[in-house]
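Enquirer: Got a structure for you, written out below as structure tokens; questions coming shortly.
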Amino acid sequence: MSEKPIRRLPLRQLLSSSDKTARELAELVHTHLLPRVVDFRDLSRPVRRKSHYPTMVAFQNGLRRFVEASEQLQAMMEVLQEHLEAIREHAQREKLSRRR
């Protein structure tokens with residue numbers, strides 16, 4: 001993205017950037033977060049496919065990977081939220097300028 005602050009970007013650039021971020025967010029959920037959730041669920045289920053008694057280290061590693069994926073998701077959601085707020089502010093400014 002450009003070096004301009006988000007609030008000073010033109011609306012077209014804000015829209016394309018937020019669209020790209022939303023697509024990346026969806027891709028992150030499908031390729032990174034869901035596999036971590038499935039792996040962790042497999043470790044914590046009463047009937048386990050991988051092992052009847054997973055080690056504590058395996059359980060901790062699964063939890064760590066899940067937390068890392070959720071933190072990445074949270075960071076990307078914050079970026080998208082900033083973009084959407086900037087778009088809303090831009091639309092409100094435009095609405096006010098058209099009333100005059």
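Enquirer: Collect the residues in segment 71-95 that are closer than 15 Å to residue 7 by Cα, more than 20 Å from the chain's Cα centre (by Cα) and loosely packed, with under 14 Cβ neighbours inside 10 Å, keeping them in residue-number order.
Expert: Selection gives 89, 91, 92, 93, 94.
Enquirer: Also: Scanning for something modelled with pLDDT of 85 or more, under 24 Å from residue 15 (Cβ atoms) and part of a helix (DSSP H, G or I), does segment 55-72 turn up at least one residue?
Expert: Looking through segment 55-72, at least one residue is modelled with pLDDT of 85 or more, under 24 Å from residue 15 (Cβ atoms) and part of a helix (DSSP H, G or I).
The values are calculated or read from the model by the stated rules, or taken from the named source; none is laboratory data. As the structure is a computational prediction, the values presented were derived from the model and not from experiment. Cβ atoms come from the backbone with ideal geometry, glycine included; neighbour counts cover every protein chain shown.
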